[in-house]
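The values are calculated or read from the model by the stated rules, or taken from the named source; none is laboratory data. A quick note: this is a predicted structure, and the numbers were derived from the prediction, not measured. Please note: Cβ atoms are built from the backbone with ideal geometry, for glycine as well, and neighbour counts cover all protein chains shown. Accessible surface is based on the protein model in full, side chains and every heavy atom, while ligands, DNA and RNA are left aside. Shrake-Rupley method; radii C 1.70, N 1.55, O 1.52, S 1.80 Å.
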Amino acid sequence: MESQIEINVGVDVGKSTLDIVLHPLGLHFQISNDEEQILKIVQVLKTHNIKRIVVEATGRYEHAFVFACDQADLPIVVVNPISVRRYAQAIGVLAKTDKLDAFVIARFA
């Protein structure tokens, strides 16, 4: 049953979009980085057994998503992007796309 699986979520944050991957389910969502879309995806995330949600600190673009997750009592963690990049290098992921970054962040989680 899906609800029994612990899910780690990786979020690649951009100015206009968020790429979100649920690991190990392999689900990928790309949404607009705006309040309406963030509130919708938070409701989707609440339907899963989320262990943690990891986003990289961008300086500001992650704030609305982090705040919405916190308000919804979802386990949100903001990490240093250098740590994620070093992890990606360690597992041999050298390509860089938003979807791939979200996948690496989810695995990092």
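Using Cα-Cα distances under 8 Å and only pairs 6 or more residues apart, what relative contact order does the chain have, in percent?
Value for the chain: 36 percent.
Mind jotting down the distance between the C-alpha centroids of the range 30-67 and the range 3-18, whole Å?
Measuring centre to centre over Cα atoms gives 7 Å.
Whose amide H sits under 5 Å from the amide H of Gly14, counting only residues 5 or more places off or on another chain, with H placed in the peptide plane?
Asp19
Which of the residue pairs Lys40/Lys96; Lys51/Lys96; Lys51/Lys99 have a Cα-Cα distance greater than 23 Å in the structure shown?
Lys40/Lys96; Lys51/Lys96
Would you work out the Kirkwood radius for the range 58-100? I mean one over the mean of 1/r across all pairs of different Cα atoms, in Å.
Result for the range 58-100, one decimal place: 12.2 Å.
What number comes out for accessible area per residue over the chain if the probe is 1.4 Å? Units Å², please.
56
So how do 70-82, 11-23, 48-60 stack up, highest first, on mean other-Cβ count within 10 Å?
The densest-packed peptide leads the list: 11-23, 48-60, 70-82.
To make sure I understand the rule: partners must be lysines, Cα under 16 Å from the Cα of Lys46, and not fewer than 8 residues away in the same chain. Which ones qualify?
Within reach: none.
Rounded to two decimal places and with Rh computed the Kirkwood way over Cα pairs, what is Rg over Rh for the chain?
0.94
Per the 1.4 Å probe, what fraction of the accessible area of the chain, in percent, lies on carbon and sulfur atoms?
The C+S portion of the solvent-accessible surface of the chain is 51 percent.
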